[in-house]
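The values are calculated or read from the model by the stated rules, or taken from the named source; none is laboratory data. Computed from a predicted structure; not experimentally measured. Cβ: placed from backbone, ideal geometry, glycine included. Neighbour counts: every protein chain shown.
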């Protein structure tokens, strides 16, 4: 791991745990030329604002960088306040209409942080019961929320109002449509919702064990498209605040065992202990493979949150990740071709040949983007390496969960 990547993890340890002994810190000195690279990595991970308080007592020699970083931290806090105000308005709207709902991710994760408004928030995610989805959507439209997009499989609708983006979910994107037992579990959680708080803002959220499961499923989902430090830190603070040995065994492990995610939960926690400074006070997180954790650290740094480092080339390596054999590759090409070939949408007779269209389109895209044979070899290696990592964490590459929870 490169020096600046190591510095990212070291900086997170110092920033996230107040009172931590920093006498043995291995961070570069304030005048180091590495700080622009460190800041760039932090931005790609969406965690630069977590250093806001640290910056107050550590003046970097690069004054322009220091000013830019400090202002960006302030902007994140201001945006968080605006989003919470927008969320508060939505809470009042749904409560008045007596539509049960919960906030997921976002503030439901941030409220566990020592400085919750320093956590970057992109949008507001709310989950309603499937039976209430149409009524909730209609209410938002009537109340001036502009409908934007539908998620794949129509698991959510995107809305905008006053500069805030809201995703109204009828199910979690990480939960398959056909996993009725898991869908029912989260809908039941809406009926057992608890109150969360960020400052003066109050909001309904899932019970602790289900809130934690959302965060774990979110990490699992993003392992295939670009897992960032922000998702890992969300999990870490949930573990720190909620997952002591008794809660894990009584409330959380029954869920992860049935979903086949217990090994994964252990590894993610051990990662937080090793790389992010989480206190090693849980017996259940012992025994994780350190080589797998090191590989995960490399993966997170290289990909960036949501695969920001990869760009279009990220899609190529993801093909090698998922294409276990030629038949799987053919199926992927066929599925992509059905979405991208306009003629096949109009003329059903062409649909059996969508794979050929997509193969030709892919070759053209590679040529257009000047992807050399040498780079293709590396992208193939990256995809296979990512597959090995996912399998080493006890997960299915295609993100299939155990049906469980009957």
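Quick notes on this one:
- Residue 211 vs. criteria part of a helix (DSSP H, G or I), within 23 Å of residue 90 (Cα to Cα) and under 16 Å from the mean Cα position of the chain (by Cα): yes
- Filtered residue count, the range 176-207, keeping only those that are modelled with pLDDT under 95 and crowded, with 21+ Cβ neighbours inside 10 Å: 1
- Scanning the range 290-343 for residues that are in a loop (DSSP other than H, G, I, E, B) and at pLDDT below 60 gives 308, 309, 310, 311.
- Qualifying residue in the range 363-371 (condition: exposed (fewer than 12 other Cβ atoms within 10 Å of the Cβ) and either closer than 30 Å to residue 295 by Cα or in contact with a strand residue (DSSP E or B) (Cβ under 7 Å, 6 or more places away or on another chain) (or both)): yes
- When 404, 394 are checked against the criterion of being at pLDDT below 75 and outside any helix (DSSP H, G or I), a single residue qualifies: 404.
- Filtering the range 44-58 to residues that are assigned to a helix (DSSP H, G or I) and crowded, with 16+ Cβ neighbours inside 10 Å leaves 44, 48, 49, 50, 51, 52, 54, 55.
The rows are residues; the columns are (1) more than 24 Å from residue 400 (Cα to Cα); (2) free of Cβ contacts under 8 Å to residues at least 24 places away in the same chain; (3) not in a helix (DSSP H, G or I).
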position	(1), (2), (3)
240	yes, no, no
247	yes, no, no
251	no, no, no
256	no, no, no
263	no, no, no
267	no, no, no
272	yes, no, no
279	yes, no, yes
287	yes, yes, yes
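- Every listed requirement among (1) under 30 Å from residue 258 (Cα atoms); (2) over 19 Å from the mean Cα position of the chain (by Cα); (3) surrounded by 14 or more Cβ atoms within 10 Å (Cβ to Cβ); (4) modelled with pLDDT of 80 or more is met by residue 358 save one, (1).
- Qualifying helices (runs of 4 or more DSSP H) (wholly inside the range 59-162; at least 3 residues being more than 21 Å from the chain's Cα centre (by Cα) and surrounded by fewer than 21 Cβ atoms within 10 Å (Cβ to Cβ)): 63-96, 133-142
- Some residue of the range 188-206 being in contact (Cβ under 8 Å) with a residue 24 or more places away in the chain, in a helix (DSSP H, G or I) and closer than 17 Å to residue 282 by Cβ: no
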